[in-house]
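Data block below; observations after.
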Amino acid sequence: MRKILIVLQFIIYPFTNLIAQNYDESKVPAYTLPDVLVSQNEKKITSVKDWEGIRRPEILSLFEREVYGTMPKKYDRIAFKVKNEDKNAMNGKARLKEVEIAVTNNNETVLINLVMFVPTQAKKPAPVFLLINNRGKNNTSPTRDTLSSFWPAEQVIDAGYAISAFHYSDAAPDNKDTFANGVLRLYPEQLKTDDGMKAIGAWAWAASRVMDYFEKDRDIDPSKVIVTGHSRGGKASLWAAAQDKRFAMCVANNSGNSGAALSHRRFGETIEKINTTFPHWFANNYKKYNNNEQALPFDQHMLIALVAPRPVYITNASLDLWGDPKGSYLAEKEAEKVYGLYNLKSSLPATQPTINTPFVKPPLAYHNREGIHNLTEYDWAQFVKTADLHFR
């Protein structure tokens, strides 16, 4: 069975050497997680006031400096243009909009192309799922000539939600040689510092620019935007939600290492492996933790906690051991402490749920789906349930 799992992971990550990675729980090293509720000067955090005034800014700064890079907050100009519109899409069930978001800074402009469908029968303005699409652009076909379970627009429309997506390559090509040919053209200074953002940060930055657009679109309720991502897109969705409190809910599907999974466990993908295989994803400072997880003054439970009190949905897939399902669940359970400060009680069980047993009640939702590393209609159905409970 272990050989089969490794082969499956190799198919999913074809450029990664998996043989040296640990898939044995008995070989997980002893570790102590940094306490999410103890500040850098050893102050115990016991209130929302101290969390938001002391500990949260500390943790956010740690992740900016050491992992994802400092995200630029300003730009010279932003403009929105509806390039195409169909008021009778999906046989009248939805309204299609294709929107060009042009952001200019330092005399450079980047274009983020948004495709979205808004239900015609649901109450307006509509809540919306925003996908950071890290797969082929045909997955989010505006003409619906290609239907994909990765972005099942019809299913989400039928549930009463708008659904939208942009392709991550608009913000940063996923290539170590060309990743700077996007958002980073606007902020070239980021490439000169060890805490400068790279691709993951650029994808999260682009999600916030889409949020800027949603605040102007009368068809969309900007207080009900769910930022969503799969795999590397899931890492970006968590970082986007941590940075930008306007996102009402976050979905991180199969986000793995440097997403939801605990790095201290050294199970599946490690920091060294991800930094070696994808050197263009994270700030240069992150590389000092290669094969040095014990030195981490943070871990991913603290990233999830940054989203509090807004709901977070974490998922795994049973055959995706590379993404460390157990470590992802343990991280989410650790984040419960911060939600407790807001008097929000998690319904997650003490131990990781069995396969295909979703816990969808906000504020912290989770499931481990049977199958491989992917985003499916099953996953989307659970996300809608959590959004229903949160918004309605």
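At a glance:
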read-out	value
Charged-residue dipole, Cβ positions (Lys, Arg, Asp, Glu), region 110-215 about Cα centre, Debye nearest 20	140 debye
Region 136-273 - convex hull of alpha carbons, volume per residue in Å³	143 Å³
Members of Lys43/Lys235; Lys49/Lys337; Lys198/Lys345; Lys288/Lys333; Lys198/Lys361 lying beyond 24 Å, as alpha-carbon distances in this model show	Lys43/Lys235; Lys198/Lys345; Lys288/Lys333; Lys198/Lys361
Residues Lys361, Lys235, sorted so that the one with the fewest Cβ neighbours within 10 Å comes first	Lys361, Lys235
Anisotropy class of the chain from Cα gyration tensor, a/c 1.5 cut	rounded
Cα-projected label distance for Leu389 with Asn138, points at 7 Å along beta-carbon direction, nm	3.7 nm
Region 192-248 shape via C-alpha gyration tensor axes, a/c threshold 1.5	prolate
Eligible lysines near Lys326 by straight Cα distance, threshold 16 Å, same-chain separation 8 or greater	Lys27
Gain upon complete extension [Glu189, Ser318; 0.36 nm per residue less C-alpha separation]	42.3 nm
Gyration tensor verdict on region 276-392 (Cα atoms; rounded if a/c is under 1.5, prolate if a/b is larger than b/c, oblate otherwise)	oblate
Amide H within-cut-off set for Ala261, under 5 Å, with H built and near neighbours excluded	Gly256
Built amide H within the under 5 Å cut-off of Arg369, gap 5+	Asn316, Ala317, Ser318, Asn356
Kirkwood-based shape ratio for region 22-87, expressed as Rg/Rh from alpha carbons	1.26
Simple spin-label estimate for Ala381 and Glu52 in nanometres, 7 Å along Cα-Cβ	3.8 nm
Between region 322-392 and region 165-244, the Cα center-to-center distance that results, in Å	23 Å
3J(HN,Hα) from dihedral phi, region 60-69, Karplus parametrisation 6.51/-1.76/1.60, rounded to Hz, x for glycine, proline	4, 5, 4, 5, 5, 6, 9, 10, 8, x
Karplus-derived 3J(HN,Hα), 6.51/-1.76/1.60, for each residue of region 349-360, Hz, glycine and proline x	x, 4, 10, 4, x, 5, 4, 6, 10, x, 10, 9
Backbone HN-Hα couplings from phi across region 383-389 [Karplus 6.51/-1.76/1.60, Hz, Gly and Pro as x]	4, 4, 4, 5, 4, 4, 5
Amide hydrogen neighbours beyond the local backbone of Ala94, cut-off 5 Å, H modeled	Ala89, Thr120
DSSP-assigned coil residues among GluC sites (Glu not before Pro) in region 188-295, each with at most 16 further Cβ atoms within 10 Å	Glu215
Beta bridges by DSSP in the chain, antiparallel share as percent, to the nearest 5	50 percent
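Values quoted throughout were computed directly from the atomic coordinates according to the rules given, and no laboratory measurement underlies them. Since the model is a prediction, treat every value here as computed from it, not as a measurement. Backbone-built Cβ (ideal geometry, glycine too); neighbour counts: all protein chains shown.
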